[in-house]
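Reviewing the structure listed below.
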Amino acid sequence: RTVYLNGDYLPEDEAKVSIFDRGFVMADAIYEVTSVLGGKLIDFGGHMARLKRSMDALDMQNPLSDDEFLTAHRELVTRNGIEDGLIYLQVTRGNPGDRDFAYPPADTAPTVVMFTQSKPGLADNPAAKQGIRVISTEDLRWGRRDIKTVQLLYPSMAKMEAKAKGADDAWLVEDGRVTEGTSNNAYIVKGGTIITRELSHDILHGITRAAVLRFAKEAQMKVEERAFTIDEAKDADEAFVTSASAFVMPVVEIDGVSVGQGTPGPAATRLREIYLDESRKAAV
Ligand code: PLP
């Protein structure tokens, strides 16, 4: 596999980053994951906008223009022959030469890393036909979940807890209400209304979430942006999650309780279709 490191395209085992890099010792880094369908990038503009938002929130310098990022993404897609898959992009605050809590001088070069993951048939994931099962667990992450940092240990722990309980993923709960999934935004559908938590520092502002809510409104579906409880979710007609890699994924079980009929619901199924159609059309 060819990867990108600070302007160079290298075989993956030649791409080396310092052990003093703040991404490594401080999780001082942000990332984006963009999906590739048919060799094209899905919602690339959305991911670039959020990358900048994350960097601004952390006073990080943006090392490349959108065009340069686009070129690098396309170059990796071509070099690695990616038809369907993901492109991971990470920017760290770079290598200050030693370990220190204070940020290094602003002119410290950031570290920019990109790599691809080939996922043939990504849009035909059989899980979308069956739906996934989630458990609920407490949300013990930090208070700026709107910044897409690489601090992913708590979501990993929650995912492991889900797997240990025979489920696919976890929904995180704070003050009795669902924030989001470990790596996706969470939704329920009740009486035809799509309900998902409002944007704040409590959740990641999903790029897929923004697109799906826009498509839902265009399709005259009712949308309510508010928090919901796990009990409300168990009692809903449908549940689903969204992310750049899962698109719209139906949730059919929460803490062992079937949601609705226990099969993917009509709203989630329809939104998945619309999302895939529209984003393929707009892919770059
Ligand atoms: N919420 C969290 C915590 C995530 O990690 C992700 C994606 O990785 C999402 C939501 C979904 O965001 P997006 O649709 O931009 O992939």
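Are any of the residues in the range 125-137 touching a Lys or Arg at 6+ places or on another chain (Cβ under 9 Å) and more than 23 Å from ARG272 (Cβ to Cβ)? No - not one qualifying residue is present in the range 125-137. For the range 27-75, give me each residue that is aliphatic (A, V, I, L, M) and surrounded by fewer than 17 Cβ atoms within 10 Å (Cβ to Cβ). ALA27, ALA49, ALA57, LEU58, LEU70 - these are the residues of the range 27-75 that are aliphatic (A, V, I, L, M) and surrounded by fewer than 17 Cβ atoms within 10 Å (Cβ to Cβ).
Residue count for the range 229-242 satisfying the condition of being surrounded by fewer than 21 Cβ atoms within 10 Å (Cβ to Cβ) and either in contact (Cβ under 8 Å) with a residue 60 or more places away in the chain or in contact with a Cys (Cβ under 7 Å, 6 or more places away or on another chain) (or both): 1. Just one of the listed residues (ARG209, ARG197, ARG226, ARG280) is surrounded by fewer than 17 Cβ atoms within 10 Å (Cβ to Cβ) and without any contact (Cβ under 8 Å) to a residue 60 or more places away in the chain, and it is ARG226. For LYS52, the conditions (1) touching a residue at least 12 places away in the same chain (Cβ under 8 Å); (2) within 16 Å of the ligand (Cβ to nearest atom) all hold with the exception of (1).
Identify, from the list THR78, THR92, THR34, THR71, the residue that is away from the ligand (no atom under 16 Å from the Cβ) and touching an Asp or Glu at 6+ places or on another chain (Cβ under 8 Å). Before you say what the answer is, go through the steps one by one.
Details: THR78 fails: touching an Asp or Glu at 6+ places or on another chain (Cβ under 8 Å); THR34 fails: away from the ligand (no atom under 16 Å from the Cβ); THR71 fails: touching an Asp or Glu at 6+ places or on another chain (Cβ under 8 Å).
Only one candidate passes the filter, namely THR92.
Please work out which residue is nearest to the ligand (Cβ to nearest atom), limiting yourself to the range 161-197 and to residues that are more than 18 Å from SER243 (Cβ to Cβ) and in a loop (DSSP other than H, G, I, E, B). Among residues in the range 161-197 that are more than 18 Å from SER243 (Cβ to Cβ) and in a loop (DSSP other than H, G, I, E, B), the one nearest to the ligand (Cβ to nearest atom) is ASP175. Is it fair to say TYR88 is over 23 Å from PHE247 (Cβ atoms), touching a residue at least 12 places away in the same chain (Cβ under 8 Å) and out of contact with any helix residue (DSSP H, G or I) (no Cβ under 7 Å at 6 or more places or on another chain)? It is false that TYR88 is over 23 Å from PHE247 (Cβ atoms), touching a residue at least 12 places away in the same chain (Cβ under 8 Å) and out of contact with any helix residue (DSSP H, G or I) (no Cβ under 7 Å at 6 or more places or on another chain). Report yes if GLY97 is in contact with a Pro (Cβ under 7 Å, 6 or more places away or on another chain) and either in the same structural domain as TRP171 (by TED's automatic domain parsing) or modelled with pLDDT under 95 (or both), otherwise no. No; evaluated as a whole, the condition is false for this residue.
The values are calculated or read from the model by the stated rules, or taken from the named source; none is laboratory data. Quick caveat, the model's predicted, so the values are computed rather than measured. Heads up, the Cβs are rebuilt from the backbone with ideal geometry, glycines too, and the neighbour counts pull from every protein chain shown.
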